[in-house]
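The next block holds one structure in the form of structure tokens; read it before the comments.
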Amino acid sequence: MTRTVLITGGTSGIGRAIAARFAADHAEVHITGRHADTVEQTAAELGVQGAVCDATDPGQVTELAARFSELDVLVNASGGLPQGTPGDGSALEAVLAQWQANLAQNLLGAVLTTTSVRDKLTSGGSVLSIGSIGAERGGGSYGAAKAALAAWNAALSAELGPLGITSNVISAGYIAGTNFFQGRLTDERQSALVAETHNKRPGTVEDIAETAYFLASPGARHITGQTLHVNGGAFTTR
Ligand SMILES: NC(=O)c1ccc[n+]([C@@H]2O[C@H](COP(=O)([O-])OP(=O)(O)OC[C@H]3O[C@@H](n4cnc5c(N)ncnc54)[C@H](OP(=O)(O)O)[C@@H]3O)[C@@H](O)[C@H]2O)c1
């Protein structure tokens, strides 16, 4: 049976790779992003459906949800560092703007999208949200937002579990081949991020895509309410 898969933030980086992975499985894949040109281009390149939707805008998210009668897999991949928000300045207004922008991008987008399609998720389906090693590393407002994403996921899993739906966070370490760093990652910083790993390499978007594909597979039905760390050992758990 063909699965219907929605991936927010599917025009670039991790979301795009997840879309390609499910498309290779002949799923009916839908991707979103905030810009019509990249949505259109990526959808054409991958042979998937595209929709312009800002995951932080309730009106746009409601319109997106109306496209679906049933949804098997939702991947909340949109997120990242908000553009144009001031750094940790002295003015409280600037601090508030930065925290609100990070919470919107990295927590509320997933909450709104998931809530909007909640009643369309099928038994045997999966919700996946892309978290970050930043949640473990004192990553300021970004890390706090990703930590909150994982906390929210635990409650969501309890709510969806009785319906036969799993919900997990994939917490990514440094992943190369994305626009996450917006061209501002120095060679020194990149080397430091790789040095933190046990396997001495950056993560790839395919590392995350394969994890997402597995978590939405029949073999992963007893994995729910978890945060899975995919980071080459840069952060370990026990
Ligand atoms: N790259 C890393 O090292 C890394 C590490 C840990 C976690 N992550 C997380 O991985 C996820 C994917 O990021 P990425 O690294 O693949 O970065 P990316 O290449 O910048 O991709 C982000 C995607 O999300 C879309 N997007 C951003 N804000 C959106 C919004 N409000 N509504 C809808 N779409 C939105 C972007 O398109 P538009 O800008 O056109 O909307 C783009 O398609 C993010 O949640 C990020 O926090 C990344």
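The values are calculated or read from the model by the stated rules, or taken from the named source; none is laboratory data. Fair warning: this is a prediction, and the values are worked out from it, not measured in the lab. When we count neighbours, we look across all protein chains shown, and the Cβ atoms used for this are built from the backbone with ideal geometry, even at glycine. Each accessible area value is taken on the protein alone, full model and side chains, heavy atoms only, with ligands, DNA and RNA left out. Shrake-Rupley method; radii C 1.70, N 1.55, O 1.52, S 1.80 Å.
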Rounded to the nearest Å, what's the spacing between the alpha carbon centres of the stretch 13-66 and the stretch 90-104? Just the number, please. 28 Å
Out of L96, V73, T166 - ranked by how far each Cα lies towards the positive end of the dipole of the chain, with unit charges on the beta-carbon of charged residues - the top one is T166
Given a 1.4 angstrom probe, I'd like the percentage of the accessible area of the stretch 4-230 that is carbon and sulfur, rounded to a whole number. 53 percent
If we count every other residue with Cβ under 12 angstrom of T11's Cβ, Lys/Arg +1 and Asp/Glu -1, where does the sum land? -1
Packing-based ranking, highest mean first, of 123-134, 196-207 given that Cβ atoms within 10 Å are counted: 123-134, 196-207
For the chain, what is the accessible area per residue in Å² when the probe is 1.4 Å? 48 Å²
What length, rounded to one decimal in nm, is gained on full extension from E28 through to Q190, with 0.36 nm per residue of separation minus their alpha-carbon distance? 54.8 nm
